[in-house]
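The values are calculated or read from the model by the stated rules, or taken from the named source; none is laboratory data. Every value quoted in this text rests on a predicted model; they were computed, and no experiment measured them. Every residue, glycine as well, gets a Cβ built from its backbone with ideal geometry; the counts of neighbours run over all protein chains shown.
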Amino acid sequence: MPLNDLLPKIVNLAEVEAAVGKPLRDPDALQQHGYRLMKARDADRYYLAKDPDLQPLLVRLGDIAEVRYGVKTGADGWFHVKPLASKGRYVEILSGDGSRHEIEVEFLKPIVRSLKECEYYSVKLDKLQYRIVVIDVERKQLIQYKAYNYVKHGETRNYPSRTGGGIPAERPSCASRGSEWYRI
């Protein structure tokens, strides 16, 4: 929301502008004078405050919530896929290398890859853009599923990544899982 839309909701704007001696009507002016815009938890009100004023109010996130790392796949391009179309108990997916595959819907779980995907504090799972491939099936049983073809693809095709890419099954984190590298 633009700052101009918030100005009428800033409770202490006139007081702060009087103390500074000039209008603070743009983000640069606020930052230049050391102010941050804070939203009240319980209402649609905002306040301007300086960092020292905020220190007593700040709480370490780990003190009020469980903070954990996400799933370490070792090959996000293979594990993080975009669903394209549902076909009964199957879903057509777009893989990180640009290829398309059909896989059982039971092997796909919604995933938040970035907080930019979250408009609010709560998330609607059906609105998430990506799914993570979670195949918890032994290798010898996997052949009876369409997901088997996707696993074979991940053992033969190069996937690009920020860290250089490679064949997913041969990347260190995946390779450490052995022949069932796809099980996370």
Could you identify the single residue in Arg100, Arg139 that is in contact with a helix residue (DSSP H, G or I) (Cβ under 6 Å, 6 or more places away or on another chain), closer than 22 Å to Trp181 by Cβ, surrounded by fewer than 19 Cβ atoms within 10 Å (Cβ to Cβ) and not small (Gly, Ala, Ser)? Arg139
What do you reckon, is Leu30 under 33 Å from the mean Cα position of the chain (by Cα) and either part of a loop (DSSP other than H, G, I, E, B) or not acidic (Asp, Glu) (or both)? yes
Could you say whether any residue in the stretch 151-164 is surrounded by 12 or more Cβ atoms within 10 Å (Cβ to Cβ), in a loop (DSSP other than H, G, I, E, B), touching a Phe, Trp or Tyr at 6+ places or on another chain (Cβ under 8 Å) and at pLDDT below 95? no
Is at least one residue of the stretch 144-154 farther than 29 Å from Ala65 by Cβ, in contact with a helix residue (DSSP H, G or I) (Cβ under 8 Å, 6 or more places away or on another chain) and of a type in the set (D, E, K, R)? no
Counting only residues that are over 28 Å from Arg36 (Cβ atoms) and either among the small types (Gly, Ala, Ser) or surrounded by 18 or more Cβ atoms within 10 Å (Cβ to Cβ) (or both), how many does the stretch 57-89 have? 13
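Looking at the stretch 76-90 only, could you name the residues that are part of a strand (DSSP E or B) and within 26 Å of Arg171 (Cα to Cα)?
Step one: list which residues in the stretch 76-90 are part of a strand (DSSP E or B), which gives 80-87, 90.
Of everything in the stretch 76-90, those that are part of a strand (DSSP E or B) and within 26 Å of Arg171 (Cα to Cα) turn out to be His80, Val81, Lys82, Pro83.
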Expected single match for out of contact with any Phe, Trp or Tyr (no Cβ under 8 Å at 6 or more places or on another chain) and not assigned by TED's automatic domain parsing to the domain that holds Val112 among Ala49, Ala43 is Ala43
Report yes if some residue within the stretch 49-64 is touching a helix residue (DSSP H, G or I) at 6+ places or on another chain (Cβ under 7 Å) and either among the charged types (D, E, K, R) or outside any strand (DSSP E or B) (or both); otherwise report no. no
Please go through the stretch 109-145 and pick out each residue that is charged (D, E, K, R) and out of contact with any His (no Cβ under 8 Å at 6 or more places or on another chain). Lys109, Lys116, Glu117, Glu119, Lys124, Asp126, Lys127, Asp136, Glu138, Arg139, Lys140
For residues that are surrounded by fewer than 13 Cβ atoms within 10 Å (Cβ to Cβ) and either part of a loop (DSSP other than H, G, I, E, B) or of a type outside the set (Lys, Arg) (or both), tally how many sit in the stretch 103-135. 9
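Can you spot a residue in the stretch 40-55 that is of a type outside the set (Ser, Thr, Tyr), over 30 Å from Ala18 (Cα atoms) and surrounded by 10 or more Cβ atoms within 10 Å (Cβ to Cβ)? Don't jump to the end; show me each part of the working.
Initial filter on the stretch 40-55 (of a type outside the set (Ser, Thr, Tyr)): 40-45, 48-55.
So of that shortlist, the ones also over 30 Å from Ala18 (Cα atoms) come out as none.
Looking for residues that are of a type outside the set (Ser, Thr, Tyr), over 30 Å from Ala18 (Cα atoms) and surrounded by 10 or more Cβ atoms within 10 Å (Cβ to Cβ), one finds none in the stretch 40-55, hence no.
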